[in-house]
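A short worksheet on the structure shown next.
Since every read-out is calculated from the coordinates, none of them should be taken as a lab result. These numbers come from a predicted model, not from an experiment. FYI the Cβ positions are ideal-geometry reconstructions off the backbone, even for glycines, and counts take in every protein chain you see.
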Amino acid sequence: MAGVGKTISEKIFSAASGRDVWAGDLVVAEVNSAMAHDGTALLAIEAFEEMGGTKVWNPSRVALFLDHVAPSSNETFSKVHKRMRRFAFKHGIPLYEVGSGVCHQLMVEEGYVRPGELVVGADSHTCTYGALGAFATGIGSTEMAAVFLSGKLWFKVPETLKIEIEGSLPPFVTPKDVALRVIGEVGADGATYQAVELHGSTIEEMSVEGRLTLCNMAVEMGAKTGIINPDEKTYSYLSQLGLNPGRGLSSDPDAQYAKMLEFDVSSLEPQVACPHAVDNVKPVSEVEGTPVDQVFLGSCTNGRIEDLRLAAKILEGKVVKRGLRMIVTRVYLQALREGLIETFVKAGCAVCNPGCGPCVGAHQGVLAPGEVCLSTSNRNFKGRMGCTDAEIYLASPATAAATAITGRITDPRSVVRA
Amino acid sequence: MKEPNRGKTLPIRGRAWKFGDDVNTDLIIAGKYKLSITDLDELSRHAMEGLIPDFAERFRRGDLIVAGRNFGCGSSREQAPLVLKHLGVGAVIAKSFARIFYRNAINIGLPAAECRNVNRISDGDILEVDLEAGLVRNVTKGESYRITPIHPDLLQILVEGGLINYVKKHGALPWQLRSGR
Ligand code: SF4
């Protein structure tokens, strides 16, 4: 294949496996870091011990997170947490306590991910970190045990779906809307086994936080990862976090792609994914007016400072509609300092500690039969928020805030104008 | 509960339970159970509950799951294939799988096979799955369908009952053996 370029994914797998590899090759690769959380770590710990594991390959490259049921809402999970704390202590692994935040945000902020690296997590949304030019993908718990043991894992080097996104986003139309638009087009299994590589002027203009939101949702098209070539924004984002960004890899101009798609988002409307599938996407105008019982702002998709700022801007000086509840789950210093939390509390939101909270239906906002939730998270599967007879709509933080004010699904642009 | 011994050459025979496309991990086992129950006996009582409320009660050990596209999409939770294996699912045959579910199934020793002709299979059909020959025989209809061959390395993990059993038997992970470490 001399003279043929490589995708960023092929380059990362070549580096991680020490061989010159291409899409379709089965490789054993060294991972740079690995993570598991309270929803997946117990099985990994048990499998590790059953496999006879006594030493974790590199404790400083493994991280454990207590975020899914945090603080624990039941004794069973309190025991899971206890077991994880003991395991972390025994092996010298960093453990992020209850209240630290959602694993995927912390993996980035705590420096476990750098451009050009290979990262695995026992969680499907591990693909988020591709926004930094890393190859990051979700694996199961038993495989995580194998990584704990050896620091390696087998992978099939994926083919790549190249998506070009062009145009400047209109005001109050966000990276989340772009993600939903793309998923609506590609479909829930349109990129299965593939890496989704994002290009174009929209991505270049987009903040790293926005890119994280986009890559977070790549798995909702079945993709193995969402990935973006690192640029100056990537490096300065990491430097600002006090991290050494290292040196990244990028796709060659003549790399081979399985397929290419193009989108123009310069006149995109806010998008909404309707029950019960993430690819059931409609422009907000088609669902406007749908009554809503609960709004959730947070999750690994939309719980970053930019998301809170945007929602707070819309909620400033307003109150949440009577009869509706709005839950916000990202309280941290920066948000407090900027006064965003005050805006949310004054508007009548229930502000909870950072964590997965309502996203996964464990606690902090479980729905009742017949209820409707508009959520900024990434999945609207039947039963996802704890009740199989409830409906979940997915949208951006802006649409969420506007909806909280009116009690019905609302185009954020109409609230801001009014 | 002891798992049935799936010898290398033994075809898997059972009755088909037919499902549609995009059966996600929350339907296989909902997050609210996964995050409150760790006991597998108790957890598997809620398997497939989102689609068939009394599935676990009516399911007979050895029955097969047959589904459309993108089976197991969604979360990485290994509890999804685990509850199916625990209930005694002989194999899952689908038009296609979500990748993490597929990897998890192999790693815990639950046979998972891709077959383009699942639309020929009806609920209740008796099937025989021969992983090595790469065939599904529909005993009820007298037909045979090809399944996508499973990579030999993965088939070995599957035949030995998953990655944990593999390590117990060989004393190392497959790639540690190959590199001589
Ligand atoms: S916020 Fe939701 S999607 Fe993200 S890691 Fe937590 S449970 Fe998973």
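Some observations on this one:
- When shorter helices are ignored and each DSSP H run of at least 4 residues is given -39500 (n - 2.57), the per-residue value for chain B at 222 nm works out to -7500 deg cm²/dmol.
- A:Glu30-A:Asp252 pseudo-label distance in nm [points 7 Å out on the Cα-to-Cβ vector]: 2.4
- Classified by the C-alpha gyration tensor, the stretch A:346-418 has a prolate form. Its axis ratio a/c, with a ≥ b ≥ c, is 1.5 or above, and a/b is larger than b/c.
- With semi-axes defined as the square roots of five times the eigenvalues of the C-alpha gyration tensor, the equivalent ellipsoid of the stretch A:1-111 measures 33, 16, 12 Å, largest first.
- Result for chain A in a Gaussian network model with C-alpha springs under 10 Å: among A:Met221, A:Met84, A:Met206, the largest mean-square fluctuation is at A:Met206.
- Computed from phi, the 3J(HN,Hα) profile of the stretch A:177-189 under the Karplus parametrisation 6.51, -1.76, 1.60 (θ = phi - 60°) reads 5, 5, 4, 5, 4, 5, 5, x, 7, 6, x, 5, 10 Hz, with x in place of Gly and Pro.
- Hull volume per residue, based on the alpha-carbon atoms of the stretch A:155-261 and their convex hull, is 114 Å³.
- Sum of -39500 (n - 2.57) over DSSP H runs of 4+, divided by residues of chain A (222 nm, nearest 500): -9000 deg cm²/dmol
- Extended-chain gain in nm, criterion 0.36 nm per residue less alpha-carbon gap, B:Gln156 and B:Ser122: 9.2 nm
- Based on C-alpha pairs under 8 angstrom that are at least 6 apart in sequence, chain B has a relative contact order of 22 percent.
- GNM flexibility winner over chain A from A:Gly289, A:Gly323, A:Gly355 (Cα, springs under 10 Å): A:Gly323
- Note on the stretch A:273-410: along the principal axes its Cα atoms extend 38, 29, 26 Å, ordered by decreasing extent.
- Each principal axis of the Cα cloud of the stretch B:1-119 was taken in turn, and the coordinate range along them, longest first, works out to 38, 30, 26 Å.
- Modelled FRET efficiency - R0 60 Å, A:Ser78 with B:Thr140, Cβ distances, 0.05 increments: 0.75
- When exposed loop sites are taken as trypsin sites (Lys or Arg not before Pro) in a DSSP loop with at most 16 other Cβ atoms within 10 Å, the longest stretch of chain A clear of them is A:56-246.
- Counted over all Cα-Cα pairs of the protein assembly as shown, pairs farther apart than 49 Å make up 7 percent.
- Estimated FRET transfer efficiency when R0 is 22 angstrom, pair A:Glu342-A:Val416 (beta carbons, to 0.05): 0.65
- Sequence-separation-based contact order of chain A, relative, with Cα cut under 8 Å and 6+ spacing, percent: 17
- Part-to-part distance (alpha-carbon centres) for the stretch A:279-296 and the stretch A:18-43, which is given in Å: 37
- Separation between Cα centres of the stretch A:304-322 and the stretch A:187-261, rounded to whole Å: 28
- Across all directions, the average projected area of the convex hull around the alpha carbons of the stretch A:8-262 is 13.8 nm².
- Alpha carbon centroid spacing (whole Å) that separates the stretch A:389-418 from the stretch B:38-107: 35
- The modelled label-to-label distance between A:Glu164 and A:Glu109, using points 7 Å beyond Cα along the C-beta direction, is 3.7 nm.
- Over the stretch A:238-295, the alpha carbon radius of gyration divided by the compact-protein estimate 2.2 N^0.38 Å works out to 1.90.
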